[in-house]
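S.K.: I have a structure I would like to understand better, so I am pasting it below and will then ask my questions one at a time.
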Amino acid sequence: MSKPIVISAALTAAALLTFAPARAQESPERVVVPYRSSGGPRIVHASLMNGGITVKRHDGQDVIVEASAHSGGRPAHSRDGMKRLDLNHGSGLDVEEDNNVIEIKTNAMEEESNLVITVPANTSLKLKCLNGGDILVDGVTGEIDANNLNGKVTLNHVSGNVIAHSLNGSVIVSLDRVDASKPMSFSTLNGDIDVTLPADFRANVKIKADNGDVFSDFEVKPGANPHPVTEPGDAKNGKYKIRFDNSMTGTINGGGPEFTFTTFNGEIRIRKRK
Amino acid sequence: MTCEQIRIGMAEYLAGRMSAGDRAAFLGHVDHCEACAAEVEEFTALWRDLDDLPLPMPSTRMLPRFRAMLHAYERSSRPSNLAMMPSRPWMWGALAASLFVGGLLAGHYLGRNSAANTEIASLKTEVEGMRQMVTLTLLQQQSAGERLRGVTWSNRMERPDSAVENALLTAVNRDPNVNVRLSAVDALQKFTANPAVRRALVDAIPVQDSPLVQIALIDAIVPLGDASAGSMLRQLAADPHANEAVRKRANWGLRKLGVA
Ligand SMILES: [Zn+2]
């Protein structure tokens, strides 16, 4: 069992203030969490009050966390021409590692701060945003758990298994490869769900859309009841348009783990990867 | 082999204990049956993962029974089979189940006496017990993906017990992940014959911080036609702090129940 490492970003921020006072608009902080040979794949947990989270993949083994606290569009100069000094409360970036689990938080309550996290290809993610930011992940393989309150969740070219929710934003996911044994779940109250899956993926699907249409490129073989009506769709939305009371179950490619799609006010699109 | 025989032979197959002939018959069926292929795939992955999962000991009740069964088996049968005894105590349950399923097969193919039939009946209970253990173990994992898996495992049980009911209700009320909560509400729909579960689903609505889960709870309760949910729904429909979609759904529920 390794001891947790606490990396304080405050020093980095102080250094930036001393040596680069010109950077009044934005004060990025950067923390590198080096790879430790002892562990398996990394798990990254990040949560933000204000702002968005972007996760990118790189070929290296380090996890790099960059936070930028914006000055919220306040002018760099006062009305009579005086330069505003950014006192830089910073983003309050706080990064901890314990046994290959990396916890990332920011303590900034009012300033909007955006996180950019660069990770090795095989990394599991647990991401949470509350206000004003989107969650964007590109090219990562692992278990991805993404939760947003007011912004979008977009996962591009990810593999593994996904659990994604946004209350008011859309959930847009494209999966290159899926873990054939694990259930997945996509949900939103007010947004759309748009999920692209490999042509041969198998699932038992549960689809619930109270006030919107459901489109699918896959043939969904209906389960017991209620009986949905499948109509021809169109080129833009998908091969099939599925109508049903407000929820249905069925199988795709013969059935497999459970995939749940839930939206109250939005539409659902289940696309086949071309 | 039939689909039923595939299901029965699953544990044997996974443990690599099938005879070459049975194995060929097993794979012959699976090659042509999509449903069985999907089940084999899921079981294979679970089998592989079981050893990596920490055991939170929900099975304090189950484990001694499995152990006892294992010892009984040890005394009575081919000792060579025990060479592949797993290191983790958790695996004993799975192994025990597979041994019993092995007993089932023996009963089927070798035409054992009536004692074997009694054993078969108890075996079925034990396999069901194993499913419960898997569900309870998964529901206590750190990863939302594993907990979601636990919820969906509960759907496979024919007659889930109160431990599973409670674990699912706890998930509805306390799981940090919205999607796990949603699935738990869905899984609990098959328990709503139990008035205590119906009550618990109604009580979960006001403490729920996710509007989407609140709507799922309303949708689970209203079709049961239980007018006692009315006062809760009326409260919700009038609550200015409740999400707009939730208020609308509560009004819909009141109309459906005929108590608007
Ligand atoms: Zn079959």
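Computed from the coordinates by the stated procedures, all read-outs in this text should not be read as laboratory data. Owing to the predicted nature of the structure, the values given are computational and were not obtained by experimental measurement. Heads up, the Cβs are rebuilt from the backbone with ideal geometry, glycines too, and the neighbour counts pull from every protein chain shown.
S.K.: How much length would be gained if the chain were fully extended between B:R234 and B:H32, taking 0.36 nm per residue of separation minus their Cα-Cα distance, in nm to one decimal?
M.R.: On the way: separation 202, 0.36 × 202 = 72.72 nm, distance 5.34 nm.
Separation in residues times 0.36 nm, less the Cα-Cα distance, equals 67.4 nm.
S.K.: Quick one: Karplus J couplings for the stretch B:177-183, per residue in order, coefficients 6.51, -1.76, 1.60, θ = phi - 60°, nearest Hz, x for Gly and Pro?
M.R.: Listing the rounded values in order: 9, 4, 5, 5, 4, 4, 5 Hz.
S.K.: So if each residue of separation counts as 0.36 nm, and I subtract the Cα-Cα distance between A:D176 and A:N107, what length gain in nm does that give? Working shown, then result.
M.R.: Values: separation 69, 0.36 × 69 = 24.84 nm, distance 3.49 nm.
Taking A:D176 through A:N107 to full extension adds about 21.4 nm, to one decimal.
S.K.: Once fully extended, how much extra length lies between B:A24 and B:Q141, figured as 0.36 nm per residue of separation less the alpha-carbon to alpha-carbon distance?
M.R.: Gain in length upon complete extension: 38.5 nm.
S.K.: Across the stretch A:177-191, in residue order, what do the Karplus-derived ³J(HN,Hα) couplings come to in whole Hz, using 6.51 cos²θ - 1.76 cosθ + 1.60 with θ = phi - 60° and x for Gly and Pro?
M.R.: 9, 10, 6, 5, 9, 10, x, 10, 8, 10, 8, 7, 7, 10, x
S.K.: What residues have an amide H closer than 5 Å to that of A:G160, excluding those fewer than 5 places away on the same chain, when H is modeled at 1.01 Å from N in the peptide plane?
M.R.: Those lying under 5 Å, H to H, from A:G160 are A:G142, A:R177, A:V178, A:D179.
S.K.: Efficiency by 1/(1 + (r/R0)^6): what FRET value for B:A163 and A:A121, r their Cβ-Cβ distance, R0 = 30 Å, to the nearest 0.05?
M.R.: Efficiency for this residue pair is about 0.15.
S.K.: Residues with amide H under 5 Å of A:R57's amide H, sequence separation 5 or more or different chain, H placed in the peptide plane at 1.01 Å from N; which?
M.R.: A:V119, A:D138
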